[in-house]
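Shown next, in structure tokens, is the structure this report addresses.
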Amino acid sequence: MVNLSLKAFLLSKGVIDAKALEEAYQTSQKNGSLLYNEIIRLKLIGEKELFKLLAEFFGIEYRFAQLSELNFELIKKFPLDKLEEYKALPLFEVGNTIVFAVSNPFRIEEVKEFSKYTSKSIQCALIEPSQMDLMLRYTDNKILQVNALNDFISNDSTSDITSTADGQYIVEAPIIKLCDSILRDAVNRGASDIHIEPFENKVVIRFRLDGKLTIIDEIQQAYYQSILARFKIMAEMNIAERRVPQDGKITLEIGERKFDFRVSTIPTIFGEKMVIRIYDITLASSSLANLGMTTLQEKLVLEMIHRPHGILLLTGPTGSGKSTSLYTFLRYLNNTDTNIITVEDPVENQIDGINQVQVNPKANLTFANALRSILRQDPNIIMIGEIRDEETVQIATRAAITGHLVLSTIHANNSCGVVTRLINMGIPQYLVADSLLGVISQRLVRKLCPECKKEHITTPAEMAILGIKKPATIYEPCGCQACNHTGYNGRIGVFELLVSNPKIRETIMNPEFTSELLEKEANVPSILVHAKERVLNGETSLDEYKEISDYIDTSALEEEVKRDQNL
């Protein structure tokens, strides 16, 4: 009966195609399932939009709950096994009421039974099941982390790691749980990097979230060596060596996903700083549309990657999404009639049907040596994780003119600068002109939170920064629960494309070639053009635009100079 009423309610809202909704309803009747679960399974509407409607239908509040809202002192008052069973979590107290987040509207009455653990009344707010699962995982992990740290401290020891006669190391349970919880915490929050930094009286743990470092926790300096040693053991690094930088790798399954954690250490005056970069090696396939290119940019990229031979290069700073773009291209090109081989350091994502080679300098398996061997493997497409030296770029370039499509990354300031870099690395200008298909320069900008972004009319100063002559409506970050009060939620790419053509090839072969000449002749819309579009479309902020444009606000300095002159 509820399914029928909900069906009528959703039809009245007109948010789901009537035929698709009827099919979902018939399936729910046949399987004895809830209609809204069938709607989620069939992806007829976004989960967030659906649960806002469900909250209205059931007459309860909808909330977008964030991990930062969780109150662990409040959670401790209720049995965790019951919270997990009912898919519910207490969020906060208001006067004589405790507000619970629930993801199943049919269990609201059961959740209200938690009143027996408190003298306060229970009020429920509806959240999405995916967010509830994330919050429960985070809660379970945070409690594990706190308990592990307490156990560690109660041992009254600054080391939970001992060595045996045969040189093996034994790690006690509390430190294992603590280090494991740090990794799981980072994954749950969607961090790209973990920074563990020792100072004189404390150790700071920071996560890189949406490109920005955020302090997550602080622990006593006395316990750092045990944490450091545990991660070193997991990453197969030398636990006794503290004077030189080291690198290692940890592979773990968290939930149903497999992750590589790339670990690096460097000595500082207060001990070794450790950074752990997180790679989801079972990352779901993404389409070209998800990269955020314009329609024209996507069209040009498709034309380039469908060419039978030539080299396509991506450039941008570390963390600008180059690897994501490369893997997206490879997934698109991955067919049974195509032999694709990669050489990477590290292999960040594993893709079925593609032969991926891991660089191993200790075994003399460098990019250049691996590339020589790959050319004897009858490849159609070769992906090189990064072009770092002259030898690799020479082999890659010659592969591109002998019938292979080569994809790779290289460091340069912009797309035209890549051509200069290739020439400076010893590639003759005629060979660059003959082999280069194009260059993609990219950056990542933070997306404004759609829930709280604030409309704003550009000032004359802002119009000058954007290079526009008429006032325009743009948006600025505000901050709310949905974006953890940052004003931003996620990141999106901005791109600059240099696509080879006869004119560009002629310019590259000019004896007087410079990157400035190429920029003039190619007339490539810069990456700032795409970033400006995103600002004017309300996708990102002016601050993000200024950050990638290396903008320096000199207005305060100019005012000071004027004051000095007046004096």
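The values are calculated or read from the model by the stated rules, or taken from the named source; none is laboratory data. Predicted model only: the values in this text are computed from it and were never measured. Cβ: placed from backbone, ideal geometry, glycine included. Neighbour counts: every protein chain shown. For accessibility, only protein heavy atoms count, side chains too; no ligands or nucleic acids. Shrake-Rupley method; radii C 1.70, N 1.55, O 1.52, S 1.80 Å.
The distance from the alpha carbon centre of the stretch 60-133 to that of the stretch 195-256 is 33 Å, rounded to a whole number. Of all DSSP bridge pairs formed entirely within the chain, close to 65 percent run antiparallel. Given Cβ point charges of +1 (Lys, Arg) and -1 (Asp, Glu) and nothing else, what value in debye, to the nearest 20, does the dipole of the stretch 13-71 about its Cα centre take? Dipole magnitude for the stretch 13-71 comes out near 100 debye. Of the residues Met463, Ser12, Leu35, the one whose Cα sits farthest towards the positive end of the charge dipole of the chain is Ser12 (charges of +1 on Lys and Arg Cβ, -1 on Asp and Glu Cβ, taken about the Cα centre).
In plain terms, the chain from Phe72 to Phe9 could stretch by 19.0 nm, reckoned as 0.36 nm per residue minus the Cα-Cα distance. Counting only lysines at least 8 places from Lys453 when in the same chain, those with an alpha carbon closer than 23 Å to its own are Lys48, Lys52, Lys212, Lys470, Lys532, Lys546. The Cα atoms of the stretch 234-388 cover 52, 36, 31 Å along the three principal axes, with the biggest extent listed first. With a/c under 1.5 counting as rounded, go ahead and sort the stretch 1-159 into rounded, prolate or oblate using the C-alpha gyration tensor (a ≥ b ≥ c being the square roots of the eigenvalues; past the cut-off, prolate if a/b is larger than b/c, else oblate). Since a/c reaches 1.5 and a/b is larger than b/c, the shape of the stretch 1-159 is classed as prolate. If R0 is 30 Å, the Cβ-Cβ spacing of Gln220 and Glu85 corresponds to a FRET efficiency of close to 0.25.
Indicate the gyration tensor shape class of the stretch 461-535 (rounded, prolate or oblate), computed on the Cα atoms with a ≥ b ≥ c the square roots of the eigenvalues: a/c under 1.5 is rounded; otherwise a/b larger than b/c is prolate and the rest oblate.
prolate
Within the accessible surface of the chain, defined with a 1.4 Å probe on protein heavy atoms only, the carbon and sulfur portion equals 48 percent.
DSSP beta bridges fully contained in the stretch 338-432 are about 10 percent antiparallel. Here the extension length gained between Glu236 and Lys43 equals 65.2 nm, from 0.36 nm per residue of separation less the Cα-Cα distance. Calculated accessible area for the stretch 284-378 comes out at 49 Å² per residue, all protein chains present (probe 1.4 Å; ligands, DNA, RNA ignored). DSSP assigns beta bridges within the stretch 1-142; of those with both partners inside it, close to 45 percent run antiparallel. Cross-link partners of Lys503 among lysines, defined as those whose alpha carbon lies under 22 angstrom from its own and excluding same-chain residues fewer than eight positions apart: Lys299, Lys520. Estimated purely from DSSP H runs of n ≥ 4, each contributing -39500 (n - 2.57), the mean residue ellipticity at 222 nm for the chain is -11500 deg cm²/dmol once divided by its residues. Each Lys or Arg adds one and each Asp or Glu takes one away; over the other residues whose Cβ falls under 12 Å from the Cβ of Phe72, this sums to 0.
Rounded, prolate or oblate: which one fits the stretch 402-553, using the alpha carbon gyration tensor with axes a ≥ b ≥ c (rounded when a/c is under 1.5, else prolate when a/b beats b/c, else oblate)? Here the stretch 402-553 falls in the prolate category.
Solvent-accessible surface of the stretch 208-272, taken per residue with a 1.4 Å probe and all protein chains present: 54 Å².
A Förster distance of 22 Å, applied to the separation of the beta-carbon atoms of Asn150 and Ser192, puts the FRET efficiency at 0.15.
Taking label positions 7 Å along the Cα-Cβ direction at both Lys52 and Thr336, the computed distance is 4.4 nm, reported to one decimal. Among (1) 24.9, 84; (2) 27.7, 86; (3) 27.2, 79, find the value of Rg and Dmax of the Cα atoms in Å that was calculated from the structure presented, and write down its label. Here the calculated entry is (2). Starting from the Cα of Lys362, draw a straight line to each of the lysines and keep only those under 19 Å, dropping any in the same chain fewer than 8 residues away. The qualifying lysines are Lys232, Lys249.
Applying a 4.7 Å cutoff between beta carbons, the unpaired cysteines of the chain are Cys124, Cys179, Cys416.
As an exercise, use a Förster radius of 60 Å and the Cβ-Cβ distance of Ser526 and Lys112 to find the FRET efficiency, rounded to the nearest 0.05. E(calc), rounded to 0.05, equals 0.55. With contacts taken as Cα pairs under 8 Å at a separation of at least 6 residues, the chain carries a relative contact order of 8 percent. Find, to one decimal place in angstroms, the Kirkwood hydrodynamic radius of the stretch 181-245, where the mean of 1/r is taken over every pair of different Cα atoms and then inverted. By the Kirkwood definition, the hydrodynamic radius is 12.8 Å. Based on protein heavy atoms only, the stretch 388-479 ends up with 44 Å² per residue of surface accessible to a 1.4 Å probe.
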